[in-house]
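Colleague: Handing you a structure now.
The values are calculated or read from the model by the stated rules, or taken from the named source; none is laboratory data. Bear in mind that the values here come from a model prediction, so they are computed numbers and not experimental data. Cβ placement follows ideal geometry from the backbone for every residue including glycine, while neighbour counts extend to all protein chains displayed.
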Amino acid sequence: MGNEDYVIEMLHIRKEFPGIVANDDITLQLKRGEIHALLGENGAGKSTLMSVLFGLYTPEKGTIKKDGQEVHIKNPNDATDLGIGMVHQHFMLVDIFTVLDNIILGAEPSKFGFLTKADARKRVMELSKKYNLKVDPDAKIQDITVGMQQRVEILKMLYRDNEVLIFDEPTAVLTPQEIDELMKIMKELAAEGKSILFITHKLNEIKEVADRCSILRKGKYIGTVNVADTTKEELSSLMVGHNVSLKVAKEDAKPTDEVLTVKNLCVKSKNHNKDAVHNVSFRVKAGEIVCIAGIDGNGQTELVGGITGLENVTNGQIILDGEDITKKSIRYRNTHGISHVPEDRHKHGLVLDYSLEDNMVLQRYFEKDFNKAGLMKRDDIRRYSDVLAERFDVRSGEGAKTIVRSMSGGNQQKAIVAREMDRDHKLLIAVQPTRGLDVGAIEYIHKAIVNERDNGSAILLVSLELDEVMNLSDRILVMYEGEIVGEVDPKTTTLQELGLYMSGAKRDHRKEA
Amino acid sequence: MILLIQYTLIFAAVLILVALGGMFSERSGIINLGLEGIMVFGAMAGAMVMVLLPADASKATIIILTMLAAAVAGVLSSLFIAVACINFKADQTLIGTALNMLATAAATVIVKAFNTARSDGTDFSAKLDYVTGHKAFLLHIGELEISWFIIIAAILLVCSIVFFYKTTFALRLRACGEHPQAADSVGINVYKMRYAGVLLSGFLGGLGGIIYIAAANSTWHFDYGVAGAGFLALAVMIFGQWKPERIAWSAVLFAVFRSLSNVNSGIDFLAKLHIPGTLYNMFPYIVSLIVLALTSKNSRAPKAEGIPYDKGAR
Amino acid sequence: MDKKASFFRKSSVQTIIASIICALLGILVGFVILLIMNPSHAAEGMGAILRNFFKYNQSSTTLLYYLGSTLVKAVPLILCSEAILFAYKAGLFNIGAAGQYTVGILASLYTSIALGLSWWVCVLAAIAAGALWGFISGFFKAVFNVNEVIAGIMMNWIGLYLTNIVLGGKKVMDQSTSKTYNILSTNPKALLPTFLSDLFGHNQYMTIALPITVIVAIIILVVLNKTTFGYELKATGHNKEAAKYAGMNATRNVILTLVISGGIAGFAASMFYLTGIEQYSISSSVPGMGFNGIAVAFLGGLHPIGAIVAGLFIEYLTMGGQYLDTNYFNPQVADLMVAIIIYLCGFVLFFRNLMNKGKTKALTNVNDESASDKKKDANDQEV
């Protein structure tokens, strides 16, 4: 091993959290100038390992070597001093600061404590030109696109002369075109002598850019392979352990009556003066799954908000089963046929400090099944919760009285799905229903959604995961900058075509879907 | 009318300093409801120095030592907030309230004990007289009698504005109030910056406290605390949108109302209205409530304020 | 062993232990302060505070009389803390309770002295006044999104100055003593009916306020835990967004919560001032009762019954200050001790974490993900 030129070596790393071993004896060796992918499912321990390298966590066991010398990285400062930089999955940018301020934060050029931004600006512009990373140094982070925010993060590392660059799932929020661009940038950086660690679970991307790939599974080190010598199928089975088909078995849709009609819907944006949703019209019929695809932040959240009543509608109409509900309260919509698996289960879907049973009746506690003269019918609620948990395989430590916060993400999500599917509904809106879940839970929820369709529900699915979009939907509507720019048939379209719509490069002049 | 200007200047000076203090604390991410208490400690320390200094001490000595004592006491008392809210992640509203109660009780106990000891057990009051000290701060410009305090406050305001917008330190401080994880990821010690924010608020709050009791009065009853001035400063800070230059002019606005309650009988056309002075006292609160209602849609408090930072939980 | 561990992991047990630690630490610090002030008499001073009215133990009548007085004075404190914890459960920090209490004083004394009405009308007026003050804070919060702490602080001062104006008038205030007239002499029918007064050494201030306080605490307990209304309020308190998603009417609930909380605070004032035990005099700062109520609410573990215990304890300490020998100490030392205890209540979370240390491995479900969730929740909270 001695003659290999490793810039970073992480040897036998172990990191524990209360009740869980996130990293168990993991070894990772990064060669100078290579792009090294770190592959693993959600919860495999990739992010934890990188946080250890970046000094955010201190490992219980193991050593880290930089250029063959053992080092102790206690905080991000140490990491920076060693030339290690990281683009976090959730960008570490201050919204109200300018691009320039964000790049220099923590490494500000100054004289007697006063900022000397002119020098910094020159330096940033040079770097931006050299690596072809276009940014506007005076724009505020809150006003720029996600793609540009990521370029700011990359510039932050370059500004600090980092030679080891960590990318933590950088493509999750990008359009296919932006992803291509990022891949190009990464190759250029590597060619310039930077060493790159690339965390992902997307095999195509690994095949495209990575030289070598290390695989983690459930906190354990599985192995390191040369990407060129390994097929996608091999990588996949290394990652998941056994071959899992993500394809959902389903028959063709047999749509019947129209359940949801949205006409010229407009919702104002909270961030800027434009409409977040602009003149959107579409229909969803009973017995079909209509999917809204698009990059995060193109108005999907606001569209769902408008339909469910969480956001105010400025214009247009929402018709549910022949009734105009545009002006109705959330409670009215809840009790007249809309079920909603929300995008963010912790923000909207659950009261985390309530017990499972209390969460199971979140929209129904006042109904006469569960309420008598203002008093909660505790026994009935308990029974109902137990029945639902049984039927949807929701597992919890102490049954119905478990505080939901202590349950795993997958079981929390299953609880929401159980609750929403069991309520009387004509329309099921499911937003990112499988976000952050493991393969088993994803399969389960996908099957449940298809089942719902076959039982005659109208289903509006909003998803950022293209695999999910392609596998599950009967029709796909693509949203871009608040508008529906195209409708495609999942059976005939390609990912490339979807990507073109999603990035605004292609649009149909359509009236209504 | 001159009196009105004098009072306005004094109140404005107090409100500016204390509100700036609140601003630095909140910009770093800690809500400081204990400004009132900090002011009490600052006021007490400053007043005691004025009482204890020998009668023939020079003006400069009095001014410097009094301000220093007030500032130090303010910083020390703000440690109560810093330790509890930063290290122990305590509820910031509760701690602020507790500090306010603590300050009034402690000041009463200390001043009473101080008086008892000095008078050989004849004076049990919670009152301090500091006529010489008060006079040392006076400065005459034509007809206008102003206080050194006001000049010092003006200097500190300018310093604060420059500091807030131009320095590395303030950029980091503001990052901690907005996105502490981001600050941490670039190697900024969030705990340290928050300490700095809170201690700065202690420094300015303590000075505000001594100005409040000494600029216009030569005696103070400490069992009254500082009668809500700290809370008013909080309102000024919110009204000023957590920005130093805006805080300055909102402080002046609030100060005008506050002064009217004291001097309305001295101004002819106001005296004719026969409005009780108490009503003027009420005005700033009513006005700020209404203004808050009208501006709260645009108001932009630091995003991470009130949330304890936990390095482990990322 | 297991059983013992789970006993200490129970959150209610932990809360009680943490509160007791706060109280003991507070007393300890108080003792240190006495030591600093006068080392030779410190032990004696602390003894006086803690022994309190038990120094009358040779005569059970006197003893019971003073016990009665402590109970009477604890009533408004307990009720204020009930008001605060009720709102707190719904996610609202009703710092405005102080002002609601103040306008409660205004209403009960004005109706009783100036208008000469019966006690129950005066009580209703006090509730209405407090509720109105709560409503205004709630309205600003719900409609204009003004933080309830800020609105509450403003309303406190507006309430204080209004009370000073109204109660300072000739009808209500004896201009020579600068105190409001004694209800006992001006309008006895405004006095609350007595309760067990004979048992407590003919303490005329022992009124129905006492049993009513206990009843109010129990009602709050039931409302919070057994009713759909309580379910909604707590859901809103834990997660406002989820409550909205569930179709709960946030605007109505915010206003209603503060109206009820304010009503209780106003009620607290009437339950104290309508005993005739104290008169109001012009004040330059907001009466501390509402703030002390915050303290009691936290010391009582934010539990309606806990608040009763904590309220009695705090009042006991405060009263203890009066038993100090004024040659060596001043009575505010007791206030200082109380303030320290409240300050220490901020560390309850820390004490509880300390108790959980070493046992965390048993909590298998607390994984990496839920830790980051917590942070996210916190970020979602309105500021």
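Colleague: What do you reckon, is residue B:31 among the β-branched types (Val, Ile, Thr), within 11 Å of the chain's Cα centre (by Cα) and within 23 Å of residue B:102 (Cβ to Cβ)?
Modeller: Taking the combined requirement at face value, the residue does not satisfy it.
Colleague: Picking from A:250, A:220, which residue would you name as being modelled with pLDDT under 90, over 30 Å from residue A:281 (Cβ atoms), basic (Lys, Arg) and surrounded by 14 or more Cβ atoms within 10 Å (Cβ to Cβ)?
Modeller: A:220
Colleague: For segment B:186-201, give me each residue that is touching a residue at least 12 places away in the same chain (Cβ under 8 Å) and either of a type in the set (Asp, Glu) or assigned to a helix (DSSP H, G or I) (or both).
Modeller: Within segment B:186-201, B:190, B:191, B:193, B:194, B:195, B:196, B:197, B:198, B:199, B:200, B:201 meet the criteria.
Colleague: Among the residues of segment A:25-48, what is the count of those that are at pLDDT below 90 and not in a loop (DSSP other than H, G, I, E, B)?
Modeller: Of the residues in that region, 4 qualify.
Colleague: Additional query: Looking only at segment A:145-197, how many residues end up being more than 24 Å from residue A:28 (Cβ to Cβ) and of a type in the set (Lys, Arg)?
Modeller: 2
Colleague: Tell me, please, whether a residue that is within 19 Å of residue A:361 (Cβ to Cβ) and of a type outside the set (A, V, I, L, M) can be found in segment C:265-273.
Modeller: no
Colleague: Regarding segment A:92-100, can at least one residue be identified that is closer than 14 Å to residue A:151 by Cα, away from chain B (no Cβ under 13 Å), without any contact (Cβ under 8 Å) to a residue 60 or more places away in the chain and of a type in the set (Val, Ile, Thr)?
Modeller: Looking for residues that are closer than 14 Å to residue A:151 by Cα, away from chain B (no Cβ under 13 Å), without any contact (Cβ under 8 Å) to a residue 60 or more places away in the chain and of a type in the set (Val, Ile, Thr), one finds at least one in segment A:92-100, hence yes.
Colleague: For segment B:91-185, list the helices (runs of 4 or more DSSP H) that sit wholly inside it and hold at least 1 residues that are surrounded by fewer than 20 Cβ atoms within 10 Å (Cβ to Cβ) and under 18 Å from the mean Cα position of the chain (by Cα); which are they?
Modeller: Fully inside segment B:91-185 and qualifying: B:92-118, B:148-166.
Colleague: Please verify whether residue A:236 is closer than 22 Å to residue A:84 by Cβ and among the hydroxyl-bearing types (Ser, Thr, Tyr), treating the condition exactly as stated.
Modeller: no
This table checks each residue for (1) modelled with pLDDT under 95; (2) polar (S, T, N, Q); (3) buried (at least 24 other Cβ atoms within 10 Å of the Cβ); (4) closer than 25 Å to residue C:318 by Cβ.
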site	(1), (2), (3), (4)
C:60	yes, yes, no, yes
C:65	yes, no, no, yes
C:71	yes, no, no, yes
C:96	yes, no, yes, yes
C:110	yes, no, no, no
C:148	yes, no, yes, no
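Colleague: Among the residues of segment A:390-411 satisfying the criterion of being touching a residue at least 24 places away in the same chain (Cβ under 8 Å) and within 9 Å of another protein chain (Cβ to nearest Cβ), which is nearest to residue A:255 (Cα to Cα)?
Modeller: Result: A:409.
Colleague: Oh, and also: Among B:76, B:17, which is the only one that is surrounded by fewer than 24 Cβ atoms within 10 Å (Cβ to Cβ) and within 21 Å of residue B:194 (Cβ to Cβ)?
Modeller: Exactly one of B:76, B:17 is surrounded by fewer than 24 Cβ atoms within 10 Å (Cβ to Cβ) and within 21 Å of residue B:194 (Cβ to Cβ), namely B:76.
Colleague: Considering only residues that are modelled with pLDDT of 80 or more and farther than 17 Å from residue B:185 by Cβ, look in segment B:293-306 and name the one that is nearest to the other protein chains (Cβ to nearest Cβ).
Modeller: Ranking the qualifying residues of segment B:293-306, first place goes to B:293.
Colleague: Additional query: Quick one: would you say residue A:86 is crowded, with 22+ Cβ neighbours inside 10 Å and either within 14 Å of another protein chain (Cβ to nearest Cβ) or more than 22 Å from the chain's Cα centre (by Cα) (or both)?
Modeller: Against the criterion (crowded, with 22+ Cβ neighbours inside 10 Å and either within 14 Å of another protein chain (Cβ to nearest Cβ) or more than 22 Å from the chain's Cα centre (by Cα) (or both)), residue A:86 qualifies.
Colleague: Looking at residue A:325, is it within 24 Å of the chain's Cα centre (by Cα) and either in the same structural domain as residue A:145 (by TED's automatic domain parsing) or at pLDDT 90 or above (or both)?
Modeller: Answer is no for this residue.
Colleague: List the pairs whose first member sits in segment C:280-294 and is in contact (Cβ under 8 Å) with a residue 24 or more places away in the chain, whose second member is surrounded by fewer than 17 Cβ atoms within 10 Å (Cβ to Cβ), and whose Cβ atoms are under 6 Å apart, counting only residues at least 6 apart or on separate chains?
Modeller: Cβ pairs passing all conditions: C:281/C:178; C:281/C:179.
Colleague: Of the residues A:361, A:387, only one is out of contact with any Leu (no Cβ under 8 Å at 6 or more places or on another chain), at the interface with chain C (Cβ under 10 Å from one of its Cβ atoms) and modelled with pLDDT of 90 or more; which?
Modeller: Exactly one of A:361, A:387 is out of contact with any Leu (no Cβ under 8 Å at 6 or more places or on another chain), at the interface with chain C (Cβ under 10 Å from one of its Cβ atoms) and modelled with pLDDT of 90 or more, namely A:361.
Colleague: Considering only segment A:434-471, how many residues are buried (at least 22 other Cβ atoms within 10 Å of the Cβ) and at pLDDT 90 or above?
Modeller: 8
Colleague: In segment A:320-329, is there at least one residue being of a type in the set (D, E, K, R) and in a helix (DSSP H, G or I)?
Modeller: No, there is no match, as no residue in segment A:320-329 is of a type in the set (D, E, K, R) and in a helix (DSSP H, G or I).
Colleague: Shifting gears a bit: Testing residue B:204 on (1) out of contact with any Cys (no Cβ under 9 Å at 6 or more places or on another chain); (2) in a helix (DSSP H, G or I); (3) within 14 Å of chain A (Cβ to nearest Cβ), one condition comes back false. Which one is that?
Modeller: So residue B:204 meets the others, but not (3).
Colleague: Looking at (1) surrounded by fewer than 24 Cβ atoms within 10 Å (Cβ to Cβ); (2) over 24 Å from residue A:469 (Cα atoms), which one does residue A:297 not meet, given that it meets all the others?
Modeller: Exception for residue A:297: condition (2).
Colleague: Still on this structure, I have one more. Counting only residues that are modelled with pLDDT under 60, surrounded by fewer than 18 Cβ atoms within 10 Å (Cβ to Cβ) and part of a helix (DSSP H, G or I), how many does segment C:330-368 have?
Modeller: Number satisfying all stated conditions: 3.
Colleague: Please find, among A:299, A:374, A:316, the residue that is in contact with a strand residue (DSSP E or B) (Cβ under 6 Å, 6 or more places away or on another chain) and within 8 Å of chain C (Cβ to nearest Cβ).
Modeller: A:374
Colleague: If you go through segment C:66-88 one residue at a time, do you hit one that is under 15 Å from residue C:162 (Cβ atoms) and either touching a Gly at 6+ places or on another chain (Cβ under 6 Å) or within 14 Å of chain B (Cβ to nearest Cβ) (or both)?
Modeller: No.
Colleague: Does segment B:57-67 include one or more residues that are within 13 Å of chain C (Cβ to nearest Cβ), in contact (Cβ under 8 Å) with a residue 60 or more places away in the chain and either on the phi < 0 side of the Ramachandran plot or among the β-branched types (Val, Ile, Thr) (or both)?
Modeller: So far as segment B:57-67 goes, no, none of its residues is within 13 Å of chain C (Cβ to nearest Cβ), in contact (Cβ under 8 Å) with a residue 60 or more places away in the chain and either on the phi < 0 side of the Ramachandran plot or among the β-branched types (Val, Ile, Thr) (or both).
Colleague: Which condition breaks for residue C:217 when tested against (1) within 11 Å of another protein chain (Cβ to nearest Cβ); (2) part of a helix (DSSP H, G or I)?
Modeller: (1)
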